[in-house]
Structures are given as structure tokens and as C-alpha cells.
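> First the structure, then my questions, so here it is.
The values are calculated or read from the model by the stated rules, or taken from the named source; none is laboratory data. All figures in this text were calculated on a predicted structure; none of them were measured in a lab. Please note: Cβ atoms are built from the backbone with ideal geometry, for glycine as well, and neighbour counts cover all protein chains shown. Protein only, heavy atoms only, side chains kept; ligands, DNA and RNA dropped before computing areas. Shrake-Rupley method; radii C 1.70, N 1.55, O 1.52, S 1.80 Å.
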Amino acid sequence: MKRQSLAWVLPRVLPLVFVLAEPAWAGNQVADVPSLGYAPQNMDRSVDPRQDFYRYAAGNWLRKTEIAPAAQDVGGFTLLAEALDAQLLALIREAAAAGPLPKGDPRQQVGDYYKAAMDTARRNALGMQPLAGDLQRIAASRGTAADYGSLAGRLQDGFGSSPLINAVAMPDAKDSGTYVLALVPGAQVLEQDEYTKPESQRLREIYRQYIVALLNGSGDTVERAGNHAMRILVMESRLAAAMMSPLQMREPANTYNMMTLAQAQALVPALDLRAFLKALGISPPARVQVVDVQALKALQRFLADQPADEVKLLLRWTALGARAAELGGGYRAMEEEFSRLRKGLKAPPGMERVVTQQIGAHLYHPLSQLYVQANFPDATRRDITEMVGHIKDEFASRLRSNTWLDDATRKAALEKLGKIDIQVGYPARWVDFSALDIRPDDHFGNVQRAARFAFQREVGQIGKPVLGDRFAVATKTTPIAVNSAYNFTTNTIDITAAILQPPFYKPGADVAVNYCAIGAVIGHEITHGFDSLGRQYDPQGNLRNWWTAAADRRFKQRTDVLIDQYSQYEILPGLMHNGAMTVTENTADLGGITLAHAALRRSMAKNPLPVQDGLSADQRCFVAWTQMWAFKARSERLRYLVSVDVHAIASVRAVAPLLHLDAFHEAFGTRPGDAMWRAPKDRVVIW
């Protein structure tokens, strides 16, 4: 079980933008699913492209594709994740089968982690023993401020997050070369609005039953566990309600609250911040960033009027629930069933799939090194680096000719674009994991030591220069993440090795297809430096307004149109898209396909492309874009994504940006009255 709220707090505070939310595991196998990547056979040419371009471009794929029993959705990202998993698992098994290796060697760490995780007999024999010490520590608490601080620190250190308060290290938004300590709200299991929305009642009942089962399995009677479960839900709901919403958290002005440690302590005297930091191994800094001031004040009210036994119950549940999946016997099965029901899956993912995911998250650079050596050719890196240059040049050209920018803002934008550092595949310097102790017979300990290693490495830099590591955000920017990311505070882009495969890129494939797939991804990331959020950061990555008032007003006029248009999409009956929450990604999607197509046109001026598959180069470009985003998902997944994801639903991304391009309407001959027609006055041109 993941404490979900910390998962949504951190990406909205940390300065990273991602192509797509983290993909779900594709399932145990998807052998019967047609492949994605540009393929004429996935089109349905019986559909008029002027009436339903999504079905025209991807209708046969949509008709033939079923979501695997152990999957929440299926699309380009999940299918590529499936292929990637097979590559990674082969490397992991090979490392596990190798002879004795030096301690700290990447293969030793990967192989021993796998052996310990797959040793279910040992995990079953240990039962709850790995949790005993922490459960006793919680039970012995007297409910003092020092106790609450120490326990919150211990829970974050040993279990990933605390329900009371958490600490992270991040670049100072206004001095991006230095790390600052940030205090963030506690983490609950459900998303903020899932505690209150009427349509989430079934989920809340599933969660309540899971709490009862796990507490009963750990010693409570059924009656006592049921009573405890209701109290836990009430406490989590109260804490979640006090936090800023995901949309509010996206605004830097709301989260940049710098103060002395003493000032932060005055907000929550019932929890000793020095004891909290001591438990995390952090020396008290002179100043901290309080990400959510009102949430910290609400925590004070909670601790002041909540009996100590109630708070201890919440902390006990956190320790038990956060690591149930790492225990043996029925505990892992309980967590697995809760996860399956919550996501609407027909079957849980296989154990090897889960372990592969864990190794990728905890040993991200050791495993990435093995992957790059085995699967990433230098030729791909060179080809993509060349394409990056073309897309970047196209953006510079468009900035120079932009009709709504004034000269001062144009000059600053060109400076920022010129300083964007884009790297491809993998870093020049790997993070050194050799000091991390991974043992072949201690899965629970491996998980905790790996999490502590990553955390201590970051917080050790508080008050010091930013490390400057590339491809080093676990599950997001590592070479084995199917992703690409822009970092606001470093003004950098990482294009991972793993994403440079179909459906996003194929060496030697049709230029029109590659430009409008991976080229559009590159353009998407560049545009993030100039979207509603990225534009608030200057060329050095500092939070600073470099826009004139006139340019600022014209930009907002254009993005307001996108907000309104995207809010008109109905995802499920009665479930509307959130145009405000997704505006940054929608702006980047529009910029991505605009830049990619313009760069393609520039390339074609020198090297014309013939008609293929009965389609012109422009037509293939737009079909490739739409096929890249072809997507099917369970209703539970769609509701979750609409609630928390800053990206549009992939099926919306597949078509919505195209309607703003004159070239799309020219390529397919749309006209007034067609479903795909958008009048020129309603087409948004930003970059």
C-alpha cells in the first residue's frame, strides 16, 4: 500500500514536468494486444477523418485491444513498459544467477535484491517480525511533542512517509543552485477528494475492509479492528481536508513560504520539529520552506484535541499498512487484494513484475547501467540529439517571429531557450550506489535501506549546492523510466533511453512518423519551459517574473481559451475534464506537435517525402501523433486520473491539440459543420 497523498504532494512541489503520469503495469502478458507505433493496419479507414479522427487513426487498434486482467489501462506507455519489463527481468535474472560478485557491484545489488524479494518462504517465516520494534516504539509513546516528532521522523525514514508531517530536500525556487529543507503535509492513503466524494463511497468501503482485515490479522479482534478502522478513516479524512488541493499546490506562490525553523515550530508546537529532524538524521537548518502553512496549522489543532491513543492508532496503521506488501504470509495477499479492488483489476500483477518495479525504483542507476549496456545503441543517442537540435532551432525561429510577444519578453525567452540543456539516454556520471547494503536474505531490510540511502543522499545537501545529477528521479527520469522530463529549477531536459523505442521512436523509420512521435515529445518538454508554470522561472531556473505585463496578459488570454475548451470534454457520463488542472500539459502538447510538424516541414523542404500507405507526409504525421496516444482504461482509472493527473486523458491528447493546427485541417480537408472542424478564430497559437 502506498500512502498516496505524499505521491501527489511532491510532484506538484518539486520542479519537474513529465510527459505522462507514471504508467500502470501492463499486466502479466499482453501478447494479444496489437502493437502501437505508427501502423496503417491500426487505422479504420471506414471512418471519416473529418468526423472522428481518433477512430480513423486508431479505430482498428481500439476495436481489437482488451485491457489485460492485471492492468488498469492499455496504451503506448503501458505497452512499452511491458516490453521494457521483459528486457529488465532478463537482466535481473542474469544478475541473480551470476557467481559471487563484489559487494556494491551493480549486478550484485540487483541480483541479491531479486533473490531476497522472491524468497517467499523466508518472508512467510518472518511474518510481522520486521515490524515488531517500530510497533513497540509507537505503543510506548506518551503523546508528547518530542514523541510525535520522533515517531513522525521514524515513520518517514523507515516506511516512506508519515501521516503527520514529512521532510524533503529541494532546490530553493528563488536560489536554484542551493538545496533547502521543505516541510510537507502528512500523507494519507486515499487521494484528498476520495475521502469525501459521494462517487468514492465504494472505494472508502473497500479501504475500510482492508484496514479491518490487516488490523485483525495483526492481533485485533474483528470488532475492535472495525472500530479502529472507522476512527482511522475519520482522522485521515480530517488531515487530508486541511491540505491545499492539487491545483493549488501547482502554484509556486502558494508553496514558497520561507521562514526560520523557530517560526515553523510556532505553527505546530504539539510536534517537536527538532526531534523530527533528529530522527531523520538532519541537522536543524536556519530556515525551512513550509509548503502548506494551513495544513501545518491544522496539524496543530489535530494533535491538540486528539487523544494520544487515537494518534498512536493512526501511526500504528501507517507502519502496518505501508509495509504490508513486504511482509510474508497473508499480509502481502491482503495488500494485493486491496490494490486490485481499488484499481478495478481482474487479477493482481505477477510477483516478478512487482519486484522488477521495486528494483527499478530503489536501484535505479545500478539497473539502468545494465540496461544501457545491453539495449541502448549509441546510434540512437546520436540521432535523437540531432533531432533535438532541429526542434530547438524551430522554437527559436518561432520566438523571433512571434506576433504577440514584445521585444523585451522575446529577448528573455530566447535567452532561456538557449540555456536549456537537453541530454539523451543516460547521464555522463552515474550515481554511486556502492555503499548501499543489499543482502540476498533480507527483503524488508533491503527496502528500508534503499529508501534511506536515497533520502539521506538528498538531505545531506541541504544548504549546499545542488547535486546536478541527471536521469536520477526514481521512476520518473531514470534511463529505465518510459518518460521524458523538464526541470524548472535547472532548466534541463532528460530524454530517457527507455522511451526511445516504439511507439515513440523507431530507428530508420519514416521521418514524418518519427518527427511527430518522439519529435513531438521533445517539443512538448521544451514548451514546458514556457507554459503557465515553467514561464515563472528564469533562464537560471529561479522563480522570477521576466515577462512584461502586456506579454503576460496576451499569454493568459490564449491559455484561458485552452482551459475552456478542454473543460468541455466528457470522460465518463457526468465526469468532465479539468481544463484548469491540465493547462500546463495541454499547452505543452500543443507546442510539441506544433514544433514537430514545423520542423518536419523544414526538413521536407530539403528532402521531400513521398506518399506512403495512401497518406501524405502531413497526414502520416498526424496519424502517428494520434496513434501514439491511443488508450483504453477502466472507469476506476479514468476517475482517478481526472481527479489528480495534470495531464489530459490520453484519448483527449490524441486529437485535441491537432484541432488548433491549420495544417491538420488542410491535410484532411475539414470544413464548417464537420465534427473535427475548429474555426480559425478558436484555434490557439501560443508558440
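> Just tell me which lysines come within less than 28 Å, Cα to Cα, of LYS392; anything on the same chain fewer than 8 places away is out.
LYS392 reaches LYS174, LYS411, LYS416, LYS419, LYS476, LYS506, LYS556, LYS606, LYS681.
> Another question about this same structure. May I ask what percent, to the nearest 5, of DSSP beta bridges between residues of the chain are antiparallel?
Counting only bridges with both partners in the chain, antiparallel ones make up about 75 percent.
> What value, in deg cm²/dmol to 500, does the helix sum -39500 (n - 2.57) over DSSP H runs of n ≥ 4 give at 222 nm once divided by the residues of the chain?
-16500 deg cm²/dmol
> Where nothing but the Cβ of Lys and Arg (+1) and of Asp and Glu (-1) is charged, how large is the charge dipole of the range 452-514 around its Cα centre, in debye to the nearest 20?
Dipole size: approximately 220 debye.
> How do the peptides 558-564, 302-308 rank, highest first, by the average count of neighbouring beta carbon atoms within 10 Å per residue?
Averaged packing, sorted descending, gives the order 558-564, 302-308.
> Out of LEU273, ILE593, GLN188, whose Cα points farthest toward the positive end of the dipole of the chain (charges: +1 Lys, Arg; -1 Asp, Glu; placed on Cβ)?
Going by the Cα projections, it comes out as LEU273.
> Oh, and also: Give the relative contact order (percent, whole number) for the chain; include only Cα pairs under 8 Å separated by 6+ residues.
In percent, rounded to a whole number, it is 21.
> Using per-residue counts of other Cβ atoms within 10 Å, averaged over each peptide, order 497-503, 176-182 from highest down.
Packing proxy ranking, top to bottom: 497-503, 176-182.
> Could I ask something else about it? Please report the spacing between the Cα centers of the range 286-365 and the range 109-136 in Å, no decimals.
17 Å
> About its Cα centre, how strong a charge dipole does the chain have in debye, to the nearest 20, once Lys and Arg get +1 and Asp and Glu get -1 at the Cβ?
Approximately 580 debye in magnitude.
> The range 155-244: Rg/Rh from Cα coordinates, Kirkwood Rh?
In the range 155-244, Rg relative to Rh is 1.11.
> Further question: For a quick size check, give me the Cα extents of the range 75-187 along its three principal axes, largest first, whole Å.
Extents along the principal axes: 50, 46, 36 Å.
> Additional query: At a probe radius of 1.4 Å, what is the per-residue accessible area of ASP441, in Å² to the nearest 10?
So the heavy atoms of ASP441 present about 80 Å² to solvent.
> Let me ask something additional. With the convex hull built on the Cα atoms of the chain, state its orientation-averaged projected area in nm².
Average of the hull's projected areas for the chain equals 28.8 nm².
> Suppose we look only past 17 Å in the calculated P(r) of the range 205-279. What percent of the Cα-Cα pairs does that tail hold?
Summing the P(r) tail past 17 Å for the range 205-279 gives 66 percent.
> Report the per residue volume, in Å³, of the convex hull enclosing the C-alpha atoms of the range 527-615.
Expressed per residue, the convex hull around the Cα atoms of the range 527-615 is 157 Å³.
> If the cut-off is a Cα-Cα distance under 16 Å, which lysines reach LYS632, setting aside same-chain residues fewer than 8 apart in sequence?
LYS64, LYS343, LYS346
> Setting aside same-chain residues fewer than 8 positions from LYS115, which lysines have a Cα under 22 Å from its Cα?
Cα-Cα hits under 22 Å: LYS103.
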